[in-house]
Amino acid sequence: MGSTKRWIWEAMNARSEGSGTETLVLAHGYGMDQSVWDKVVPLLVENYRVVTFDWACAVKKNEKLYDPVKYSSYEAFADDLISLLQEMDLKAVTFVGSSMSGIIGCIASVKTPQLFKTLILVGSSPRSEVEQLLSNIENNYENFASAFASLIADPSNEESVKKYEEGLKNMGGEVGLSLAKTIFYSDWREMVEKVETPCTIIQTKKDAAVPHSVALYMQNKIKGKVTLQIIDTLGHFPQLSAHLQFVQVLKAALGS
């Protein structure tokens, strides 16, 4: 990694652990940062090089980087991802994208297919419509964070709910509303049909944010080879609520 360009790595708080021949890049979603992968990374580093980072919306660490105009589209996030991989001189990575990051990875793979070997899409959706949610964010963000965390994370897993609530509150209402508009006003259904990189879609048995029908839609529309895996847990974050099962599914998808 060239020292003259290390600012991208540093700006995105990127970390690289492990020394395998295959590189996994793990990307968090809305209201989280790279710590969402803390249970998963130790189980992967013996066999893989694992890269984690924070999007600009992880405002607690990247508050100077988030520009609501720039990041009004997933395209800007995809460009950040491409820049990071290029700076690290990485090619043919396995990209594991949670929630919105799955679609960001799809966009980046269409732009620069040589950078991606496989996409692992965890609870991702190309289209959302939640007007009431935006109103709740705008009117009382603290209440929204508590209610949304209880709805989206596994309600039977107190640790997951607490972690997501803390992540939402750390992000703050201003960024939370701006990014929510980016997510919920996006429609990437046509782009999904252009994705040729092989994909594994990971879905929980019940996800209030992304219903099973969305996973089936993406399985049918993605142009490349697609496998759908259902993990026997609830909520939007299987890497938190069922991390051992999540790693098993991930390793199976990687053929190891």
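The values are calculated or read from the model by the stated rules, or taken from the named source; none is laboratory data. Since we're looking at a predicted model, the values are computed, not measured. Cβ coordinates were reconstructed from backbone atoms using ideal geometry, including for glycine residues, and neighbour counts include every protein chain displayed. Note: accessible area is taken over every heavy atom of the protein model, side chains too, but ligands, DNA and RNA are not part of it. Shrake-Rupley method; radii C 1.70, N 1.55, O 1.52, S 1.80 Å.
Quick check: with the 1.4 Å probe, what order do TRP55, TRP188 take by accessible area, largest first?
Of TRP55, TRP188, the descending order of accessible area is TRP188, TRP55.
What share of all Cα pairs of segment 93-166, in percent, falls into each consecutive 5 Å distance bin?
Calculated P(r), rounded to whole percents: 3, 15, 17, 17, 18, 13, 10, 6, 1.
Percent relative contact order of segment 95-196, based on C-alpha pairs within less than 8 angstrom and at least six residues apart?
Worked out over segment 95-196, it gives 34 percent.
What are the DSSP H helices in the chain that stretch 30 Å or more along their long axis, judged by alpha-carbon atoms, and whose average Kyte-Doolittle hydropathy comes to at least -1.0?
none
Where in segment 17-89 are there trypsin sites (Lys or Arg not before Pro) that are in a DSSP coil and have at most 12 other Cβ atoms within 10 angstrom of their Cβ?
Taking segment 17-89 and a limit of 12 other Cβ atoms within 10 Å, the loop trypsin sites (Lys or Arg not before Pro) found are LYS64.
So which GluC sites (Glu not before Pro) in segment 97-143 are both in a DSSP loop and have at most 11 other Cβ atoms within 10 Å of their Cβ?
Sites meeting the loop and neighbour criteria: GLU129.
Rounding to the nearest 20 debye, state how big the charge dipole of the chain is about its Cα centre with +1 on each Lys and Arg Cβ and -1 on each Asp and Glu Cβ.
Working: 25 positive and 30 negative charges, 135 e Å.
The dipole of the chain has a size of about 640 debye.
Just list whichever of LYS70/LYS223; LYS111/LYS194; LYS206/LYS251 have alpha carbons separated by over 18 Å in the model shown. Intermediate results must be reported in sequence, preceding the final value.
Values: LYS70/LYS223 29 Å; LYS111/LYS194 10 Å; LYS206/LYS251 22 Å.
Beyond 18 Å between Cα atoms: LYS70/LYS223; LYS206/LYS251.
Counting only the heavy atoms of the protein chains, how much of TYR217 is accessible to a 1.4 Å probe, in Å² to the nearest 10?
70
Charges only on Cβ, +1 for Lys and Arg, -1 for Asp and Glu: so what's the dipole of segment 109-196 about the Cα centre, in debye to the nearest 20?
380
For segment 140-256, what does the relative contact order come out to in percent, with C-alpha contacts under 8 Å and a separation of six or more?
About 27 percent, as a whole number.
May I ask you to derive the relative contact order of the chain, considering only C-alpha pairs under 8 Å and at least 6 residues apart, and to give it as an integer percent?
Reported relative contact order: 20 percent.
Summarise the long-distance tail of P(r) for segment 45-120 by giving the % of C-alpha pairs beyond 15 Å.
56
Which distance in nm do the two modelled labels at LYS111 and ALA252 give, with both placed 7 Å along the Cα-to-Cβ direction?
The answer from the label model is 3.3 nm.
Using only the alpha-carbon atoms of the chain, report the extent along each of the three principal axes, biggest first, to the nearest angstrom.
47, 42, 36
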